[in-house]
Amino acid sequence: MSRPVPAWWAERSPREQRLLLVMLALVALVAAWLLVIRPLSDALDAAQRRHGEAVIALAQARARAATTRPLDGGRAATAPLPIENLIRRTSAEAGFANARIAAQGPARATFALDAARAPAFFAWLRTIERRGILVESLRMRANSDRTVAVEAAFRARPTR
């Protein structure tokens, strides 16, 4: 199997051999361009675009947070206990019927959701914060279908 290639190569004239070597070098350059450089360039462009979108989203979120601060001098609502019921009711009203909610005592609860649109989730989060429930921890992962998976822990706002 390996004998025909050297024999075929030896039958070529030196000029043909040089031309074939140049052709193979050009094929290798084109293959490197198509298989390595273009995908890396596309990935870099996509990362820069996502970074720009994230910077804009962060600025918008900070602007919204600044406008939604309580204007009543810091007096905030306190949630009725147990907070699990309030979280369950408001999440169902917001369209998160498949949320998994577990009570961790009367003033604490955990929340898990496999798929939600991020704007809808943050609007719901703002609603329950206005009702006196604080977010202790929040973990979100992006899903492939432009939704997020959420795991959160909530607690009732302490009375003053």
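The values are calculated or read from the model by the stated rules, or taken from the named source; none is laboratory data. This one's a predicted model, so the numbers in the text were calculated from it and none came from an experiment. Backbone-built Cβ (ideal geometry, glycine too); neighbour counts: all protein chains shown.
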> Conditions: (1) at pLDDT 90 or above; (2) within 15 Å of V150 (Cα to Cα). R108 meets all but one. Number of the miss?
Replying inline: (2)
> Taking the range 72-94, which residues are modelled with pLDDT of 75 or more and surrounded by 13 or more Cβ atoms within 10 Å (Cβ to Cβ)?
Replying inline: P82, I83, E84, N85, L86, I87, R88, T90, S91, A92, A94
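Okay, residues lined up against (1) more than 19 Å from I83 (Cβ to Cβ); (2) part of a loop (DSSP other than H, G, I, E, B):
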{"site": "L113", "(1), (2)": "no, no"}
{"site": "P119", "(1), (2)": "yes, no"}
{"site": "W124", "(1), (2)": "no, no"}
{"site": "I128", "(1), (2)": "no, no"}
{"site": "E136", "(1), (2)": "no, no"}
{"site": "S144", "(1), (2)": "yes, yes"}
{"site": "A149", "(1), (2)": "yes, no"}
> How do the pairs read when you match residues in the range 120-137 that are over 23 Å from Q60 (Cβ atoms) with residues anywhere that are of a type in the set (F, W, Y) and part of a strand (DSSP E or B), using Cβ under 6 Å and keeping only pairs 6 or more apart or on different chains?
Replying inline: I133/F154
